[in-house]
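Inspection log for the structure reproduced underneath, given as structure tokens.
The values are calculated or read from the model by the stated rules, or taken from the named source; none is laboratory data. Everything numeric in this text was worked out from a predicted model, so none of it was measured. So basically every Cβ, Gly included, is an ideal-geometry build from the backbone, and we count neighbours across all protein chains shown.
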């Protein structure tokens with residue numbers, strides 16, 4: 001299972017398949033990471049700096065974090081894309097084709113001036129998160145998304 005947790009400043013990525021339950025996060029920042037709560041991550045429970053420090057100590061790599069750079073990610077079911085928006089301007093997308101067996105990611109990209117900020121990874125994770133909510137498998141013919149999916153497995 002993959003989940004995104006965002007506030008205005010940062011986005012936490014969580015890959016439950018990688019998690020080894022070492023509880024480093026729970027001990028380092030219990031107001032953010034609490035296994036008894038649902039959702040178990042409360043991104044507003046501590047400062048972004050504390051969260052970043054805690055996530056960087058995750059021994060399994062199940063947790064990662066990026067700055068949002070004032071870019072929000074939305075899922076557009078009609079267009080079959082996750083979209084990156086800076087204000088009202090669309091600056092990136094991760095698009096998929098739907099079949100009876102899976103969602104196939106066919107393209108991921110952001111405008112050149114936004115590259116290197118983790119936005120594309122957020123776009124891929126948003127598609128994966130939405131697919132998992134619907135119990136749909138995700139595959140990729142997009143080389144970037146394939147790399148992200150491989151890193152997560």
Residue that is modelled with the lowest pLDDT, among those in the stretch 136-153 that are surrounded by fewer than 17 Cβ atoms within 10 Å (Cβ to Cβ) and in a helix (DSSP H, G or I): 151
Residue selected from the stretch 110-119 under the condition over 15 Å from the mean Cα position of the chain (by Cα) and touching a residue at least 24 places away in the same chain (Cβ under 8 Å), by the criterion nearest to residue 148 (Cα to Cα): 110
Please go through the stretch 89-101 and give me each residue that is touching a helix residue (DSSP H, G or I) at 6+ places or on another chain (Cβ under 7 Å) and more than 17 Å from residue 67 (Cα to Cα), ordered by number. 93, 94, 96
Here are 30, 39, 59: which of them is outside the structural domain of residue 134 (by TED's automatic domain parsing) and within 22 Å of residue 130 (Cα to Cα)? 39
If you take the residues of the stretch 120-135 that are free of Cβ contacts under 8 Å to residues at least 60 places away in the same chain and within 17 Å of residue 4 (Cβ to Cβ), which of them is surrounded by the fewest Cβ atoms within 10 Å (Cβ to Cβ)? 134
Top-ranked residue of the stretch 78-97 - restricted to ones that are over 10 Å from residue 126 (Cβ atoms) and in contact (Cβ under 8 Å) with a residue 24 or more places away in the chain, ranked as surrounded by the most Cβ atoms within 10 Å (Cβ to Cβ): 96
Listed residues 108, 104; which is assigned to a strand (DSSP E or B) and in contact with a helix residue (DSSP H, G or I) (Cβ under 6 Å, 6 or more places away or on another chain)? 108
